[in-house]
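Encoded as structure tokens, the structure appears first; notes follow it.
Coordinate-derived values only; no laboratory data. Values in this document were obtained by computation on a predicted structure and should not be read as measured data. Reconstructed Cβ throughout: ideal geometry from the backbone, glycine too, with neighbour counts over all protein chains shown.
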Amino acid sequence: EKGNYRHYMQKEIFEQPIVLAQTLQSYLRPYDGEISLPDNRLELSTINRVTIVACGTSFYAGMVAKYWIERFARVPVDIDVASEFRYRDPILVQGELSLFISQSGETADTLAALRHAKECGQVIAAVINVPTSTMAREADLLLPTHAGPEIGVASTKAFTCQLAVLAAFAARLARAKGMLSAEEEAEIVEHLQEAPEAMQQALDHDDDIASMAHLVSPARDVLYLGRGPDYPLALEGALKLKEISYIHAEGYAAGEMKHGPIALIDDQVPVICLAPSGPYFDKTVSNMQEVAARGGKIILISDSEGIDEAGDDAIATIEMPKAHPLIQPIVYAVPVQLLAYHVAVAKGTDVDQPRNLAKSVTVE
Ligand code: M6R
């Protein structure tokens, strides 16, 4: 079943352009330039607040969605990890939307949070990869990802499909709220359609990334930095590395570095910077230079423009295609996945079945 691949995780990383296109197909009507959710039972125009709840990688997809929903639809978003949600007795206004994100649709904390929200009179939307799962059944609005079965414990293709669905949802909500014109919607459809190809271009850097594994594999600690929607990607990169290579890694909002973590930096610490050119670029680069000045070893993930401008501060660079801000997190997921994968292979860990972890966490 792994075909020519050495691990399921590797196969699933490489499947992404196909399953992403598959997922987008059920959300986009390219000829009409429209986004249409596969389930249209809900009147989205009345939604004034969204609460997002998930665990792990799915939570990071939710963090990206918060940027998108607030930016495009101007609807405020609260987000919690599922294990914290119920216990803080969240203020849930009757009739508003709670959005749950889960690959398996069975994660115990997320399911308990879903039921709690339902009891509080929330409308339940769920982004789920397993259509027969409990959460898929219990949701009022099911937003499926069509990533196919994900076997590797480290979530990869489910994550990028979640992002695609969440981007479509954010745009659809924005349209329903009157915050997006038909032309803008058509543009978003076009950009989303470019995502699988952009992702393929990112995958083409596999060999380069494999050759960088030795820069990270001896490290004890690794930092990932990003701003805006790349901040959750930094968290996701660190989680991937931790879970499969057992190297301690942290993701930080780049601007937070000087509030503490910069004390960790010396020439033994690789720092992965996610910095596409654009509004956040200059600020992230100055954070990067602070790291470089303390001997930190920077791996810069950016586009050609960003690498031309700031590549000299890095010991290695990974060039991503230039992408619209809406699909950029989907594309930047690829290098962080591949880097974690190759470092784990270099360390000889059990990539698909890392120690102490289960694919579906069914205890709270
Ligand atoms: O099935 P779910 O999406 O609800 O799972 C949530 C987390 O357990 C999961 O994303 C976990 O963090 C992954 N192993 C990360 O790669």
Fill in: Relative contact order (percent, whole number), the chain, Cα cutoff 8 Å, 6+ residue spacing
20
Worksheet, complete the sentence: Between D78 and residues 5 or more places away or on another chain, the pairs with built amide H atoms under 5 Å apart involve V50, T51, I52
Worksheet item: What does the charge add up to near S181, with Lys and Arg as +1, Asp and Glu as -1, over the other residues with Cβ less than 13 Å from its Cβ?
Response: -3
Worksheet item: By counting other Cβ atoms within 10 Å of each Cβ, how are R227, R137, R86 ranked from fewest to most?
Response: R137, R86, R227
Worksheet, complete the sentence: Scalar couplings 3J(HN,Hα) for the range 18-34 by Karplus 6.51 cos²θ - 1.76 cosθ + 1.60 (θ = phi - 60°), nearest whole Hz, x for Gly and Pro, are 6, 6, 5, 4, 4, 5, 4, 4, 8, 10, 10, 10, x, 5, 8, x, 10
Worksheet item: Using the reciprocal of the averaged 1/r over all distinct C-alpha pairs, how large is the Kirkwood radius of the range 284-364 in Å?
Response: 15.1
Response to the item:
Net charge near P149 (other residues with Cβ under 12 Å of its Cβ; Lys, Arg +1; Asp, Glu -1) is -1
Response to the item:
So, over other residues within a Cβ distance under 12 Å of S36, counting Lys, Arg +1 and Asp, Glu -1, the net charge is -1
Item to complete: Please report, in whole Å, how far the alpha carbons of the chain spread along each principal axis, starting with the longest.
Response: 54, 44, 44
